[in-house]
Each structure stands twice: as C-alpha cells, then as structure tokens.
Amino acid sequence: MKKINKICLCLLSFLMAFFVVALQIDVFASDTKFSSFGATYQIKEIADEYDFGYGITYQREISTSSVTQSGLSTGFSLNVDSAQQAHVLTVKPSEDVLLVPYTFVDGGQWHAVTVKKAALQYEATHPGYKVVAAVNGDFFKINDVIKASTGVTIGQGEYYKAKSNHSNSAINTLAIRNSGEGKQLFTANIKESYPILSIYNENDEIIKKYDINNVNKEPGNNEISLFYAQREENFGRNLINQKINNAWYVNQALYGVTTIKDSFYGVGNITGFTEKEIELKVNQFAIKSNNNELNNILKDNLKIRVQYEYKDPSVEGVENFIGFPYQLIENGKYIAQDQPTNSNGQYRHPRTMIGQKENGDVVLAVVDGRQTHKGMYGVTGVEMSTILASVGCVDAWNLDGGGSSTMIVRKQHGWDFGNINNGFNENCFYD
C-alpha cells in the first residue's frame, strides 16, 4: 500500500454545484451567542461534530444570525433572528497538512465541475496525497466561454492562472504559507508575473529553471522565447494561432491552458525540433532558444513546464495563492464596509469564507442559503465576519458564494487510509 505523505484541504475554483449535509446522527445541544461588528451569531445546536486528528475538526451548526447595525444590511429588518446552517472546519496547517488551491484542467481546457469531482481528480493526479476536505474557492467566469477563475489560482507551485481580473488585481490575492509557524494567510500585493521555463529529470523533479525573455516574439542574442496560441480577448472563445520554425515544440501537452494576456500554464514532453514552419494551436506550445546552455539540454521527450511566476520578495517560498473578491477582517477590525465594490455583502446569500486565528489555525466555513423553507437564509458580509470572529479569527476573506458554496469532508470511519475507497455519497461527506 502506498504511504500517504500529505493531507490536503483544497480550495477549489470553477465549481457549479451546491450540496447540503444530510446525515442523520446524534444532535448535541448548544446555546452559544456571540456579537461583534454590528451582527449577532447564535448556535442553537451542533448537529455534526468530528475530530479527524492532525489538528482538523469539523462541525455543522444549526444557528441564527441577525444584523444589529443600520447600514450593514439591505432588504430585511434589523435585530431579527434568521435561521442558518453553517459548516465550520478548523485546520492547523503543518508540513503534513496543506491548504492547496486547485482547479480542474485537462489538456487545453478549463472545466467547471463539482467539488467532489475536483477532489477525486486532485487525488488521481497527486499520488501520496489525500483530500480530507474541500470548499469552493474564488469567483469564476460562469457566463463566459472560458470558465476560469476571476483571480489567481496557484497550488503547490503550479501557476494555473497567475493574473487577477478582480477590480483591484494588486490586492485581491490570498497567499497561503503552509509553514505551520505563525499566521498562515496574508493578502499579497503582487503586480507582476514573469514567464519561466522549468526542466524536469527522469524522476519528475524540476532540476533547472530559465527566465523566458519573450512571448510570441523571436529571441535575441542569448535569449529564450515562448510561443503559444493566445486568446483574442480575455476569457474569449477564439485563439490566435502562432506560426513558428526552428523551435522545440510540444504537440499534445498534458496542460496547455490560457485565459487572458500574460497568463499561460503549459506542461508536456517535447515532441521534437521542427525546422519547417508549423502552426501552434490549442494545447500546444514551443520554445525557441538562442541560449547555448539551454540548447544543450533540450531534446525529444524531455518534460518541460512554462508558466508565469511571481518574483516578489514578499512571497518568497510561498507556493499557494488564490483570488478573493474582498477581505472581511484585518487584525481584528471589520473592514469590508470600507470597500466600494462590496455592495453584494449587504444581502443574504450562501457564503464561503476563510479566516485565521492569531495562532495560525485556519477556519474554512460555508453557510447554506436561499432555502428559507429549510431554515437556511444565508448571511451578509458583516454576519460572515461575526461567524468567523466567534471562533477566534482575527483575519478573514470572502470567497465565492451563491450556488457555488460547497464543503465536503471525509467520513470519520474512512480516516483509516487503508480502507479508503473512491465512492461518494450524495451529501457533503464522502468515503
């Protein structure tokens, strides 16, 4: 049996499903009330509660929330309790427990899939890792042809999309340290990314990296150029194919996805060197080099990767990033109302959110909504912040809400990795 090396809590982008926990188990009485920031959150029952070990706990809370301050809500009365159902997962990141942004890409295509399918795909493509829990992540372009994330999606050093399209791209990137020491999350002020070529050895390890000097432009003296088919417009259907010659090319990449200008993620084995002119289309890319050192390395069937990476010293050593629409709490202060793009935060919707405590513990939470007949109203921005503050979070960020809000957690009885199978139940728990 393969040894399980790492445990992952995934933040998944491009998700289009909504699941509600429906397990029938013992109910534990509770009556915990917490008020802050102009809202109140009160737990009535803890319906499900699990301690998975490794510093990971989960509970499903039957609760109420209310907004107590004028100006922080729209369309409903103040100081009126609304029924809620919240899923709260607390994680203590360490070298063995990782928070990993992930997306479902296949060849040259982005895919909008359920959280469960993405979790299975992650495990299938990452031997030695098991997903303990997963939530939806950043907003994505649900109405566009290319259903890619609005912000960045970078997991374990794989830069699926390195450029944000949020209203303020310089600040809407959440960095995840995964160091296990101190705070694990911080808002990264990153403005630039740079194309990088990586070379793999026969053990699938990166052994060398090169700066790429040009994109879809002939290389100069001692320069390296990357060629790929770019989109005519951001998130658009049509590609502008590229003609190249005298270059090493990948004809059928493992991954060759692009969404916007200055954003490409390509991984594959070199097909060969072409002297004659060929046209690069979807899921293809090429390297043309005047760098003698690199020219002595490139060869048929060599695995390479090209992607836009960060060089900012503020994120040195950080390999995981995800976009977010706006921050909720910073150093214990509710700040969402200060952001002009946050009109959506005044309404009640299903929500997904992430926060961290002073000691670095991370909290992932999903609140069900738009199902008032089931006692699931959804929450506003200030109510989100109050829920996270109630468990000790001093920093918090809003993720994609609405119909995408989903949390899955592995069943307790499936925690013995030797007994895990890949069957999923039709609720938020899976084997």
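The values are calculated or read from the model by the stated rules, or taken from the named source; none is laboratory data. This is a predicted model, so every value here is computed, not measured. Ideal geometry is used to build each Cβ from the backbone, glycine not excepted, and the neighbour counts take in all protein chains shown. Heads up: the accessible areas ignore ligands, DNA and RNA and are worked out on the full protein's heavy atoms, side chains in. Shrake-Rupley method; radii C 1.70, N 1.55, O 1.52, S 1.80 Å.
Name the residues in segment 140-149 that are surrounded by fewer than 24 Cβ atoms within 10 Å (Cβ to Cβ) and touching a strand residue (DSSP E or B) at 6+ places or on another chain (Cβ under 7 Å), would you?
Correct list: Ile146, Lys147.
Could you list, in sequence order, the residues of segment 157-190 that are under 30 Å from Tyr54 (Cα atoms), in a loop (DSSP other than H, G, I, E, B) and among the hydroxyl-bearing types (Ser, Thr, Tyr)?
Ser179
Going residue by residue through segment 98-108, is there one that turns out to be in contact with an Asp or Glu (Cβ under 8 Å, 6 or more places away or on another chain) and of a type in the set (A, V, I, L, M, F, W, C)?
No: segment 98-108 contains no residue that is in contact with an Asp or Glu (Cβ under 8 Å, 6 or more places away or on another chain) and of a type in the set (A, V, I, L, M, F, W, C).
Residues that are without any contact (Cβ under 8 Å) to a residue 60 or more places away in the chain and more than 26 Å from the chain's Cα centre (by Cα), at least 2 per element: which strands (runs of 3 or more DSSP E) completely within segment 255-348 meet that? Lay out the reasoning, then the answer.
Working: elements: 255-258, 264-269, 272-274, 278-280, 285-289, 303-309, 320-323, 326-330.
Because the criterion is at least 2 residues that are without any contact (Cβ under 8 Å) to a residue 60 or more places away in the chain and more than 26 Å from the chain's Cα centre (by Cα), the strands (runs of 3 or more DSSP E) in segment 255-348 that meet it are 272-274, 278-280.
May I ask you to list the residues in segment 54-70 that are open to solvent by 30 Å² or more (accessible area, probe 1.4 Å) and more than 18 Å from Pro350 (Cα to Cα)?
Tyr54, Gly55, Thr57, Thr68, Gln69, Ser70
Within the bounds of segment 155-165, is there any residue that is exposed (fewer than 13 other Cβ atoms within 10 Å of the Cβ) and on the phi < 0 side of the Ramachandran plot?
First, the residues of segment 155-165 that are exposed (fewer than 13 other Cβ atoms within 10 Å of the Cβ): none.
Checking segment 155-165: not a single residue is exposed (fewer than 13 other Cβ atoms within 10 Å of the Cβ) and on the phi < 0 side of the Ramachandran plot.
For every residue, the table says whether it meets (1) among the aliphatic types (A, V, I, L, M); (2) farther than 19 Å from Thr259 by Cβ.
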| position | (1), (2) |
| --- | --- |
| Gly137 | no, no |
| Asn178 | no, yes |
| Ile190 | yes, no |
| Asn201 | no, yes |
| Glu205 | no, yes |
| Asn213 | no, yes |
| Ala229 | yes, no |
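Quick check on my filter: what residues within segment 166-178 are out of contact with any Gly (no Cβ under 7 Å at 6 or more places or on another chain) and at pLDDT below 90?
If the condition is that a residue be out of contact with any Gly (no Cβ under 7 Å at 6 or more places or on another chain) and at pLDDT below 90, then Ser167, Asn168, Ser169, Ala170, Ile171 are the ones that fit.
From Asp204, Asp211, Asp106, which residue is in contact with a helix residue (DSSP H, G or I) (Cβ under 9 Å, 6 or more places away or on another chain), acidic (Asp, Glu) and open to solvent by 40 Å² or more (accessible area, probe 1.4 Å)?
Working: Asp204 fails: in contact with a helix residue (DSSP H, G or I) (Cβ under 9 Å, 6 or more places away or on another chain); Asp211 fails: in contact with a helix residue (DSSP H, G or I) (Cβ under 9 Å, 6 or more places away or on another chain).
The match here is Asp106.
Would you point out the residue of segment 109-133, among those that are touching a strand residue (DSSP E or B) at 6+ places or on another chain (Cβ under 8 Å) and part of a helix (DSSP H, G or I), that is surrounded by the most Cβ atoms within 10 Å (Cβ to Cβ)?
Val115
Name every residue in segment 355-400 that is open to solvent by 10 Å² or more (accessible area, probe 1.4 Å), among the small types (Gly, Ala, Ser) and either touching a Phe, Trp or Tyr at 6+ places or on another chain (Cβ under 9 Å) or part of a helix (DSSP H, G or I) (or both), in order of residue number.
If the condition is that a residue be open to solvent by 10 Å² or more (accessible area, probe 1.4 Å), among the small types (Gly, Ala, Ser) and either touching a Phe, Trp or Tyr at 6+ places or on another chain (Cβ under 9 Å) or part of a helix (DSSP H, G or I) (or both), then Ala389, Ser390 are the ones that fit.
Anything in segment 42-98 that is of a type in the set (Ser, Thr, Tyr) and not in a strand (DSSP E or B)? List them, or say none.
Step one: list which residues in segment 42-98 are of a type in the set (Ser, Thr, Tyr), which gives 50, 54, 57-58, 63-66, 68, 70, 73-74, 77, 82, 90, 94.
Result: Tyr54, Thr68, Ser70, Ser73, Thr74, Ser77, Ser94.
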